[in-house]
Structures are given as C-alpha cells and as structure tokens.
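Okay, structure first, notes after.
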Amino acid sequence: MPRQKPDVILIGPLKPLIVKGLEAACTLHKAAEAKDLDAFYAEHADVGAIAICATTELISDKFMARFPRLQIISSFGVGYDHIDAKSAGARGIIVTNTPEVLTEEVADTALGLLLCTVRELPQSDRFVRAGKWAQQGFPLTRATLRNRTVGMVGMGAIGKAIARRLDAFGVPVVYHARNKRPEVPYRHYPNLLDMARDVDTLMVIVPGGAATANLINAHVLDALGPNGILINMARGSVVDEPALIKALQQKRIMAAGLDVYAKEPHVPAELMAMENVVLFPHVGSASVYTRDKMDQLVVDNIVAWAAGKPPLTPVAETPWTSWRKA
C-alpha cells in the first residue's frame, strides 16, 4: 500500500510555489481559507507539521501545545524570533528557517541602502522628478564612503557577505559580536559602545528577539555622534525607535537608512518627514529569484521530514540530534 500523506497546516499567504510543493507530498490544510481559526486548529490538532509563510505569525508555547503530535515547524525567512524556539526544543519540535539562500541578496540590499543614505540618492531622484534641476544644481552631499569606517553589529553569514562588499569598496570594517570570529580579518570589539565611539557608520545585521531588543539605544547613538549614520538591516526591535527619532531630530546623528521597523508595516510619521532618512519597505531579500529559493526551502524541509529524513536547516535551539518522534 502507498504511504499515507502526512497532514500539514500552512499558515500565512498562499504562495503558489509552497502550496504546489506541499500538496505534492502532503495533505495540506490552509489556515488562510479558514473562516474560524480556532475551529480550524482544533479540527487539525493531530497534524505533524506546520509551515509558516509570514514572520508576523506568532508561534508561542501555548499555540504549539494545541498540536500534541507536532514534529516540525518550517518557517519562511532567516529570522525566527516570531517562534518560541526554546519551547519548541523542549517539546521535541524541530524549527527550520531559510538561511543561506538569501545571504547575497540581503548583502546587496544592505550596500544599496548604505549608498542611498550616505550619498542621498533617493533625495537626488526626487529633486530631478520635481523639476528642480533646471533651476539649480543638487547640493553636494555632506557624507561620502571615502572617509568612513563601518562598524558591523553582527558578523554572521550576511554580515560577512556585507563586509566582503565593503572590502571591494575600499571601506574599512570593524565589528561587534558576542564572540570573536577568527575566520575574519577585521578588528573585533567586545563592547558595542567602544566600537560606536570609534566609527562613524553602524551597519546592524543581528537576529531579533529578547537578546537584541533595543540593542541600538540612545547611549549607542550618542557614542556614534553627530557625523554618524545608522543602517538597520536586522529587525525593527533591535533599534530603540523613539530614541533614534530623537537623535535624528536633535542632530545627534547625521542620518539613518532603515529596511525594518518596530511595528511593520507602520512607519512613524516622524521618520517619513525627515529628509536625512532613507526608508525601504523590508525588501532585503525581496527579489523573485531569492524569494523562490526561500519558498522552496520551506517546502524542502517539510518534504525531508515527510520522507523520514533529517531537516535541511534546523535552528540552533532545535538541532536534529535532539529531535524525537511523537
């Protein structure tokens, strides 16, 4: 007899590649089509797997308790602070994410955001579109990469990819991380404030979650100083947003480039009103090419589980060696 397809819940938008891939290997139950979510989850409490297509979906310990036979949660995106991974590990549930396939794309975007912020490129585009160039030239930009040092806050895979690009640009790089990375040639700062005082540009690329909440606070911004530029490619939670707004308004730092925000998709009006702030709508990995690879990895982790194989990309809190079948 053919093996019965395992039941899987899909939470979030119905991305065609994910839907098609999961339906080929599993019996798929789509939360997006449910009229009553509580009733839907109760009806499918025996599922062994959950796929999540949006990092806005919060997966708490209480939520996982609703599914006593749950074995794996396959989540879209490299960040997984929306999932209580520690509780998942305690329950014997593997959590997977989609790292590596987006590393180069996010690094490309980070360099684009840095260049846009330092050289005021979106402002110059608006200047031309408003017909102002015929009346006067665009003002010289106050900042340049030619005399700047970038302090990387985080030196994981994406941080290393950004640093490689900065090397090619001839821009000095130093970094702050919990542990020194012996494989990289850059100076390591154990203390974030010390690094902020020594550089004029901070590039933030660390995971979200409680450990990094408001890591970039008023003290760090003051240490960065009035010539400082902040680039956030991490999570909105990593930066104390009200403190950043005040620092920009009071000219305690020069400018900021942001791809992420505290309460996405809502961006504070104060940030939108400032000409010295460049705002991206969380597009770090947002190309068709890269998002397709991320979607496929969500599918591939579930397919591996369904075939009784190890997951491809388990997160640190739920390593394969700790996994147990229900």
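A few notes on this one:
- Residues whose amide H falls under 5 Å from that of A51, counting only those 5 or more places apart or on a different chain, are I9, L10, I11, S74, with hydrogens built in the peptide plane.
- For the set K35/K293; K30/K86; K132/K251, the pairs lying more than 28 angstrom apart at their alpha carbons are K35/K293.
- When the Cα positions of C53, V78, G92 are compared along the charge dipole of the chain, V78 comes out farthest toward the positive end, with charges on each C-beta of Lys, Arg, Asp and Glu.
- Computed about the Cα centre, the dipole magnitude for segment 103-279 is approximately 320 debye when only Lys and Arg (+1) and Asp and Glu (-1) carry charge, each at its Cβ.
- Rounded to 10°, Cα long-axis angle of helix 288-306 versus longest principal axis of the chain: 30
- Charged side chains reduced to their Cβ positions (Lys and Arg at +1, Asp and Glu at -1) give the chain a dipole of some 480 debye around its Cα centre.
- Here segment 231-326 is assigned +1 on the Cβ of each Lys and Arg and -1 on the Cβ of each Asp and Glu. Its dipole about the Cα centre then comes out at about 300 debye.
- Derived scalar couplings between HN and Hα for segment 225-233 equal x, x, 9, x, 10, 10, 10, 10, 10 Hz in order, rounded to whole Hz, by the Karplus curve 6.51 cos²θ - 1.76 cosθ + 1.60 (θ = phi - 60°), x for Gly and Pro.
- For I83, the residues whose modelled amide H falls within less than 5 Å of its own, excluding neighbours fewer than 5 places apart on the same chain, are I59.
- Backbone geometry of segment 8-20 corresponds, through the Karplus equation with coefficients 6.51, -1.76 and 1.60 at θ = phi - 60°, to 3J(HN,Hα) couplings of 9, 9, 10, 10, x, x, 8, 6, x, 5, 5, 4, 4 Hz, x marking Gly and Pro.
- Here the Karplus curve 6.51 cos²θ - 1.76 cosθ + 1.60, taken at θ = phi - 60°, turns the phi angles of segment 71-81 into couplings of 10, 8, 10, 9, 10, 6, x, 7, x, 9, 6 Hz, with x standing for Gly and Pro.
- The equivalent ellipsoid of the chain has semi-axes of 40, 22, 18 Å, largest first, where each one is the square root of 5 times an eigenvalue of the Cα gyration tensor.
- Furthest towards positive pole of dipole, L114, N147, Q249, structure part segment 103-279, Cβ charges: N147
- Less than 5 angstrom separates the built amide H of A34 from none of the residues sequence-distant by 5 or more or on a different chain.
- Applying 0.36 nm per residue to the separation of R165 and D292 and subtracting their alpha-carbon distance, the gain on full extension is 43.3 nm.
- Note on K309: aspartates and glutamates with a C-alpha under 17 Å away, same-chain residues under 8 apart excluded, are D7, D300.
Every number here is computed from the coordinates shown, using simple stated rules; none is lab data. Predicted model, so just to flag it, every value in this text is computed and none were measured. Neighbour counts are summed over all protein chains in view; Cβ atoms, including those assigned to glycine, are modelled from backbone coordinates with ideal geometry.
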